[in-house]
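Report on the structure given below.
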Amino acid sequence: MDIAKELQRKIDLKTKPLGSLGKLEQIALKIGLIQNTLSPELRNPTHLVFAGDHGLADEGVSPYPKEVTYQMVMNFLAGGAAINVFCRQNGINLKVVDAGVDHEFPLSSNLIHAKIANGTKSILREPAMSLELCRKAIERGKEIINKEFEAGCNIVSFGEMGIGNTSAASLLLHKYTGNSIEDCTGRGAGHDDEGMKKKISILKESSLKYNVTEHLDILATFGGFEIAMMCGAMLQVKKNGMIILVDGFITTSALLAAYKFDNSIVENCIFCHFSQEKGHKIMLDYLGVEALVDLNMRLGEGTGAAVTYPLIKSAVLFLNEMASFESAGVSGSEKLKVKS
């Protein structure tokens, strides 16, 4: 059976004009292809927020102090952040991963203790992490996904927290695609014009220090523990035949790194929203993909993925539950045209 052809036929024969559900039809087709079935399902949706500190934050690339990372993790665990609200709203299981926060957290059922180290190094002085630690972060990300997979999850959305991680993401974008630092760098958590000048200057200086070209070397030199761990997790989601919901700028930088390991990973990805953070469009264009919605968001945490989940659910439900012309006794389907 040609699954793509049969899925498209099933979509086209629903009681609607051809193509009239727009992007929902594209999502339904993609999820059916990922799961290799005409009747896909979303099981135990899980949202993982990976948190890590960045040595570069001590150099002034963010208007917020590094301590905000662990304070926000505590907020996640207390249920008070935007991502908590949206996950509760949409029935998504939320877990927080300590990938490398400079803080020792108490035991919590919603915190995955996967700390590699208490933050990365300042890349103004040395690589963010060694190749060994980068590989370790990638492997821990894979282990986390396998546990979710074994528990019956087949769709994972990704978020992050880490003061300074827009700088890491900008550098990864710069190194992986060759675009300029200026084009890759945005205001992050809210820089003013002077802050932006300083941030760009620091990132340029950091970039010039290292002549690395291999994808793993780039990730280790410029990335963060949360980004490397997300990269590994995304690769394992692909391997397990699960669905990846990609959020904004930082999570897409992790996906960009994963893409360097396995170009086919985009087959399992739904890019949920178009971030207002400068550089996200470059990422999406480089990957040859389009975001599902544009809500003028740039919060992070995976909020764009969480608020988009109901649309993804709608795509699966219409495919499975909407009547066909034949089952509904509606005639004339061959005369229907694409609605303009």
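Before moving on, here are some points about what is shown:
- Residue count for segment 116-162, restricted to those that are touching a Phe, Trp or Tyr at 6+ places or on another chain (Cβ under 9 Å) and among the hydroxyl-bearing types (Ser, Thr, Tyr): 2
- The sole residue among PRO63, PRO40 that is on the phi < 0 side of the Ramachandran plot, crowded, with 18+ Cβ neighbours inside 10 Å and assigned to a loop (DSSP other than H, G, I, E, B) is PRO40.
- Segment 43-60 - residue that is within 20 Å of the chain's Cα centre (by Cα) and surrounded by fewer than 19 Cβ atoms within 10 Å (Cβ to Cβ) and, of those, nearest to GLU160 (Cα to Cα): ASN44
- Figure legend. Inter-residue proximity from segment 277-294: first residues under 15 Å from ALA257 (Cβ atoms) and of a type in the set (Phe, Trp, Tyr), second residues surrounded by 19 or more Cβ atoms within 10 Å (Cβ to Cβ) and at pLDDT 95 or above, beta-carbon distance below 9 Å, spacing 6+ or different chains. Indicated pairs: TYR286/LEU173; TYR286/TYR176; TYR286/LEU256; TYR286/TYR259.
- Filtered by the rule that a residue be exposed (fewer than 14 other Cβ atoms within 10 Å of the Cβ), outside any loop (DSSP other than H, G, I, E, B) and over 22 Å from the mean Cα position of the chain (by Cα), segment 106-144 gives a lone residue, GLU132.
- Subset of segment 158-216 [among the basic types (Lys, Arg), under 25 Å from the mean Cα position of the chain (by Cα) and at pLDDT below 95]: ARG187, LYS199
- Check on LEU94, touching an Asp or Glu at 6+ places or on another chain (Cβ under 7 Å), under 17 Å from VAL49 (Cβ atoms) and at pLDDT 95 or above: no
- One residue stands out among those in segment 14-30 that are under 17 Å from LEU317 (Cα atoms), touching a helix residue (DSSP H, G or I) at 6+ places or on another chain (Cβ under 6 Å) and of a type outside the set (D, E, K, R): the one that is surrounded by the most Cβ atoms within 10 Å (Cβ to Cβ), which is ALA28.
- Any helices (runs of 4 or more DSSP H) falling wholly within segment 233-340 and containing at least 2 residues that are farther than 18 Å from LEU172 by Cα and within 15 Å of the chain's Cα centre (by Cα): 303-321
The values are calculated or read from the model by the stated rules, or taken from the named source; none is laboratory data. What you see is a predicted model; the values in this text were computed from it and never measured. Positions of Cβ are backbone-derived with ideal geometry, glycine not excepted, and every protein chain shown enters the neighbour counts.
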